[in-house]
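The values are calculated or read from the model by the stated rules, or taken from the named source; none is laboratory data. Because the structure is a prediction, the values reported are computed rather than measured. FYI the Cβ positions are ideal-geometry reconstructions off the backbone, even for glycines, and counts take in every protein chain you see.
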Amino acid sequence: MVSSEGIVRLLLVILGGLAFAAVGVALFFYVPETLADLLGLVLALTIALIGVRFASNIAGSLFPGYDVAEVAVEGPISRDGGGGPLPTSPGATPADDVVDQIDRADNDDNVRALLLKLNTPGGEVVPSDDIRLAAERFDGPTVAYATDVCASGGYWIASGCDELWAREGSIVGSIGVIGSRVNASDLAEKVGLTYERFAAGDYKDAGTPLKELEDEEREYLQGLIDDYYDTFVERVSDGRDLEPEFVRDTEARIYLGEEAYDMGLVDQLGTRREIEDELADRLDTDAVTVEEFEPERPLMARVGAGAQQVAYAFGAGIAGIGDGRGFRLRS
């Protein structure tokens, strides 16, 4: 049975066809004799094309072709996707962009459910939590689904969704936090470099790679890691309805999808098609149509992203050695 929306779409297509037919008749049977006639014909064609585009936009707004929004979290998670002065991985996920996409989907009256595609090894703690909070704010069913990897910060994000789906071979878990620093003090001594301290506050330069780490500093930095880990366990425990001790007992291990499902870390195993079928049942419709929501970026930003990928190919290795950022924290 054809829906009323389908009938209206058909009528719009017919009207568009008639409009172009009229343009064709004008082109083949009306020959401009003067420059003014020719300019008038060009103007008429331009107006017709603008009208078709305008009608198409109206039809898309009144009768949208989608009811589910898909937002992807792919690659390492950071605040801006690595848009700093040094080149980082071009596949990094800018958390602020992802939050904006989820919020736009939430404000779109056509969107009734959210699919959050996760293929990430994790990343920075607070940006991951921002994405989780955006998923929690979404007004409607939210389903996270792991493709290849849903680890660490990716699992943190999934804890903000109603369900987590995975494939049998997906990598899931790594519920833990890691901090790291490069100890270059011996190397500095060999090449004749010395560290001279100018700081206010005993722990201001804790983790600086050009000096040895004091016991008190090590305890201080480990305390930060422990605090973040407690928060991670709490988020997962509340969001996934798991006992905190069970979460801690995973010891940040990773699991294949099938084992993760048996342990309760994943709600369902299935393909993307099966997820869409499940959503169709929930939304009480024959089938759902998914629209990919992507970042809204101006042209120069897209050009800059392409340039960054080229720069990464040449300089990422050197940048990783020489950035000198000291202690780094990620989930």
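Pairs please, first residue from segment 95-110 and under 15 Å from residue 142 (Cα atoms) and polar (S, T, N, Q), second anywhere and at pLDDT 95 or above and assigned to a helix (DSSP H, G or I), Cβ atoms under 9 Å, 6+ apart in sequence or on different chains.
If the second residue must be at pLDDT 95 or above and assigned to a helix (DSSP H, G or I), the pairs left are 101/134.
Of (1) more than 21 Å from the chain's Cα centre (by Cα); (2) at pLDDT 95 or above, residue 266 satisfies all except one. Which?
For residue 266, the exception is condition (1).
Could you list, in sequence order, the residues of segment 148-197 that are in contact with a Lys or Arg (Cβ under 8 Å, 6 or more places away or on another chain), surrounded by fewer than 17 Cβ atoms within 10 Å (Cβ to Cβ) and closer than 18 Å to residue 120 by Cβ?
Within segment 148-197, just 178 meets the criteria.
This table checks each residue for (1) at pLDDT below 95; (2) of a type outside the set (A, V, I, L, M).
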site	(1), (2)
245	no, yes
256	no, no
275	no, no
284	yes, yes
288	yes, no
299	yes, no
312	yes, yes
323	yes, yes
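For the subset of segment 200-256 comprising residues that are among the small types (Gly, Ala, Ser) and surrounded by 15 or more Cβ atoms within 10 Å (Cβ to Cβ), which member is nearest to residue 168 (Cα to Cα)?
If we filter segment 200-256 for residues that are among the small types (Gly, Ala, Ser), which is where we start, we get 200-201, 206-207, 223, 237, 239, 252.
Filter once more, keeping what is surrounded by 15 or more Cβ atoms within 10 Å (Cβ to Cβ): 206-207, 237, 239, 252.
Working: 206: 43, 207: 40, 237: 23, 239: 22, 252: 19 Å.
Out of the qualifying residues, it is 252.
Could you give me the residue pairs with C-beta distances under 6 Å whose first residue belongs to segment 189-204 and is under 17 Å from residue 217 (Cβ atoms), whose second residue is not aromatic (Phe, Trp, Tyr) wherever it lies, and which are 6+ apart or on separate chains?
195/210; 195/211; 199/205
Answer with yes or no whether residue 177 is among the aliphatic types (A, V, I, L, M) and not assigned by TED's automatic domain parsing to the domain that holds residue 252. Let's see the steps before the verdict.
Numbers: among the aliphatic types (A, V, I, L, M): yes; not assigned by TED's automatic domain parsing to the domain that holds residue 252: no.
Spelling it out, it is not the case that residue 177 is among the aliphatic types (A, V, I, L, M) and not assigned by TED's automatic domain parsing to the domain that holds residue 252.
Only residues that are in contact with a helix residue (DSSP H, G or I) (Cβ under 9 Å, 6 or more places away or on another chain) and of a type in the set (Gly, Ala, Ser): list them for segment 258-289, please.
264, 270, 287 - these are the residues of segment 258-289 that are in contact with a helix residue (DSSP H, G or I) (Cβ under 9 Å, 6 or more places away or on another chain) and of a type in the set (Gly, Ala, Ser).
Pick out the one residue from 166, 151 that is touching a helix residue (DSSP H, G or I) at 6+ places or on another chain (Cβ under 8 Å) and at pLDDT 95 or above.
From the options 166, 151, the qualifying one is 166.
Identify, please: which residue in segment 132-141 is free of Cβ contacts under 8 Å to residues at least 40 places away in the same chain and either surrounded by 21 or more Cβ atoms within 10 Å (Cβ to Cβ) or under 14 Å from the mean Cα position of the chain (by Cα) (or both) and is, among those, farthest from residue 248 (Cα to Cα)?
Applying the filter and picking the extreme gives 138.
Given (1) at pLDDT 90 or above; (2) more than 20 Å from residue 153 (Cβ to Cβ); (3) under 33 Å from the mean Cα position of the chain (by Cα), where does residue 218 come up short, assuming only one miss?
So the condition that residue 218 fails would be (3).
Working carefully through the options 245, 234, 168, find the one that is part of a loop (DSSP other than H, G, I, E, B) and under 33 Å from the mean Cα position of the chain (by Cα).
168
Among (1) farther than 25 Å from residue 268 by Cβ; (2) at pLDDT 95 or above; (3) in contact with an Asp or Glu (Cβ under 7 Å, 6 or more places away or on another chain), which single condition is residue 130 missing?
(3)
Kindly indicate whether any position in segment 134-145 is over 23 Å from residue 272 (Cα atoms), in the same structural domain as residue 277 (by TED's automatic domain parsing) and in contact with a helix residue (DSSP H, G or I) (Cβ under 8 Å, 6 or more places away or on another chain).
Yes: segment 134-145 contains one or more residues that are over 23 Å from residue 272 (Cα atoms), in the same structural domain as residue 277 (by TED's automatic domain parsing) and in contact with a helix residue (DSSP H, G or I) (Cβ under 8 Å, 6 or more places away or on another chain).
So is residue 255 out of contact with any helix residue (DSSP H, G or I) (no Cβ under 8 Å at 6 or more places or on another chain) and not charged (D, E, K, R) or not?
On the way: out of contact with any helix residue (DSSP H, G or I) (no Cβ under 8 Å at 6 or more places or on another chain): no; not charged (D, E, K, R): yes.
Here the answer is no, as residue 255 does not meet what is asked.
If you scan segment 133-165, which residues turn out to be of a type in the set (Gly, Ala, Ser) and either within 12 Å of residue 268 (Cβ to Cβ) or part of a helix (DSSP H, G or I) (or both)?
134, 135, 144, 146, 153, 154, 158
Results for (1) out of contact with any Phe, Trp or Tyr (no Cβ under 8 Å at 6 or more places or on another chain); (2) among the β-branched types (Val, Ile, Thr), shown as yes or no for each residue.
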| site | (1), (2) |
| --- | --- |
| 110 | no, no |
| 118 | no, no |
| 141 | yes, no |
| 152 | yes, no |
| 172 | no, yes |
| 179 | no, no |
| 190 | yes, no |
| 193 | yes, no |
| 198 | yes, no |
